[in-house]
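The values are calculated or read from the model by the stated rules, or taken from the named source; none is laboratory data. Just so it is clear, the structure is predicted and the values come from calculations on it, not from any experiment. Using ideal geometry, Cβ is built from the backbone for each residue, glycine included, and neighbour counts are taken over all protein chains shown. Heavy atoms of the whole protein, side chains included, go into the accessibility calculation; ligands, DNA and RNA do not. Shrake-Rupley method; radii C 1.70, N 1.55, O 1.52, S 1.80 Å.
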Amino acid sequence: MAYERKIRAGLDGALARAPVGTLDLDDARWIVFSDHHKGKRDGADDFRAAEKAYHAALGYYLEAGYTLAVLGDVEELWECRPRDVLRAYPGTFALERAFLDAGRYLRFWGNHDDEWASPSAVRRHLAPVYRPGLEVWEALRCE
């Protein structure tokens with residue numbers, strides 16, 4: 001079962017590299033979204049149908065004081081260039097940035113947007129949309 005050993009090693013490595021955060025389960029107010037697969041607004045863009053609902057949810061959770069955790073595959077970079085996706089959804093990125101500005105934003109990369117595993121790619125593409133210093137993580141260990 002070589003694939004099981006590879007998976008175990010990958011998960012162990014992600015946990016070992018993960019920064020440690022504090023999560024008080026009695027007071028935590030987190031909303032977690034994943035797998036948006038934002039594209040460039042073409043026929044293959046799965047996010048278009050969910051955009052209005054996502055905006056409404058973000059507005060509600062922002063005002064209610066939640067932390068937004070976005071868990072990978074946020075952009076569909078297997079099919080699109082980063083600049084095309086970032087240009088396609090300025091309103092969505094502005095809403096997410098509002099969480100960051102409030103100190104309540106966590107961003108993780110997945111296999112469809114693993115370009116964000118590279119800090120230089122984050123600086124080049126995401127920082128101008130969010131802000132310099134944005135961190136995109138593989139994992140977070142909460143204690």
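Couple of notes before you dig in:
- Within the accessible area of the chain (1.4 Å probe), percent carbon and sulfur: 52
- Anisotropy class of segment 80-143 from Cα gyration tensor, a/c 1.5 cut: oblate
- The packing ranking of peptides 74-82, 110-118, highest mean first, is 74-82, 110-118, where packing means the average number of other beta carbon atoms within 10 angstrom of each residue.
- Tensor-based shape of segment 15-143 (alpha-carbon gyration tensor, a/c under 1.5 rounded, otherwise prolate or oblate): oblate
- Relative contact order (%) - criterion: Cα under 8 Å, at least six apart; region: segment 1-112: 29
- Relative packing of 35-47, 55-67, which averages over residues the other C-beta atoms within 10 Å, highest first: 35-47, 55-67
- Note that segment 37-143 presents 51 Å² accessible area per residue, ligands and nucleic acids not counted, probe 1.4 Å.
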